[in-house]
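The values are calculated or read from the model by the stated rules, or taken from the named source; none is laboratory data. Computed from a predicted model, the values in this text were never measured in an experiment. Counting neighbours? That spans all protein chains shown, and the Cβs are built from the backbone with ideal geometry, glycine included. Each accessible area value is taken on the protein alone, full model and side chains, heavy atoms only, with ligands, DNA and RNA left out. Shrake-Rupley method; radii C 1.70, N 1.55, O 1.52, S 1.80 Å.
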Amino acid sequence: MSLKDRIGEDIKAAMKSKEKLRLETIRSIKKALLEKEVSLRPSGQTDLTEAQEMELLLQQAKQRRDSIEQYQQAGRTDLADQEAQELAILEAYLPTQLSDDELSKIIDEIITEVGATSLKDLGKVMGTAIQRVKGQADGKKIQALVKAKLSE
């Protein structure tokens, strides 16, 4: 089942169960997907690829995480809680996130592969790491782990 079909089914289910927040969140995902699709039409592309859909979902999740952080800093726990609930709904469409141990092992492998020895090699490691774990870990988390390992 394609992401578009799954979202359509989930919208119907949310409407039937009268889950307002879930319905609004899924509709916002659908809207973002449609906007992206329309923006690509002049280039001759009619449908989004799975990679483009994943990229869009990751952007949506990142926006929610950033919003949560900003709301918490401003003392608006009510809005932060709502964003957290939306993020949880959105994460159902993303691949499962790697645990800290799994991510650490992958980063160790990458450091060995590229021959990184110091923080000067951060860019090499980050580029490979982002490609390898795309969608399975947050960029900030990856960067923190890589910096910690390279500064040892």
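Restricting the range 74-127 to residues that are acidic (Asp, Glu) and under 15 Å from the mean Cα position of the chain (by Cα), the residue that is nearest to Thr25 (Cα to Cα) is Glu86. Residues in the range 44-66 that are assigned to a helix (DSSP H, G or I) and over 27 Å from Ala13 (Cα atoms): Asp66 only. How many residues does the range 80-105 contain that are open to solvent by 50 Å² or more (accessible area, probe 1.4 Å) and part of a helix (DSSP H, G or I)? Qualifying residue count for the region: 9. Considering only residues that are farther than 19 Å from Gln82 by Cβ and exposed (fewer than 10 other Cβ atoms within 10 Å of the Cβ), look in the range 1-32 and name the one that is modelled with the highest pLDDT. Among residues in the range 1-32 that are farther than 19 Å from Gln82 by Cβ and exposed (fewer than 10 other Cβ atoms within 10 Å of the Cβ), the one modelled with the highest pLDDT is Lys16. When the range 48-58 is filtered for residues that are acidic (Asp, Glu) and either modelled with pLDDT of 85 or more or touching an Asp or Glu at 6+ places or on another chain (Cβ under 7 Å) (or both), the ones remaining, listed by number, are Glu53, Glu55. Can we say Thr128 is at pLDDT 85 or above, part of a helix (DSSP H, G or I), within 16 Å of Glu152 (Cβ to Cβ) and among the β-branched types (Val, Ile, Thr)? So Thr128 fails the test. Suppose the filter is over 25 Å from Gln143 (Cβ atoms), acidic (Asp, Glu) and modelled with pLDDT of 85 or more; does Glu35 pass it? So Glu35 passes the test.
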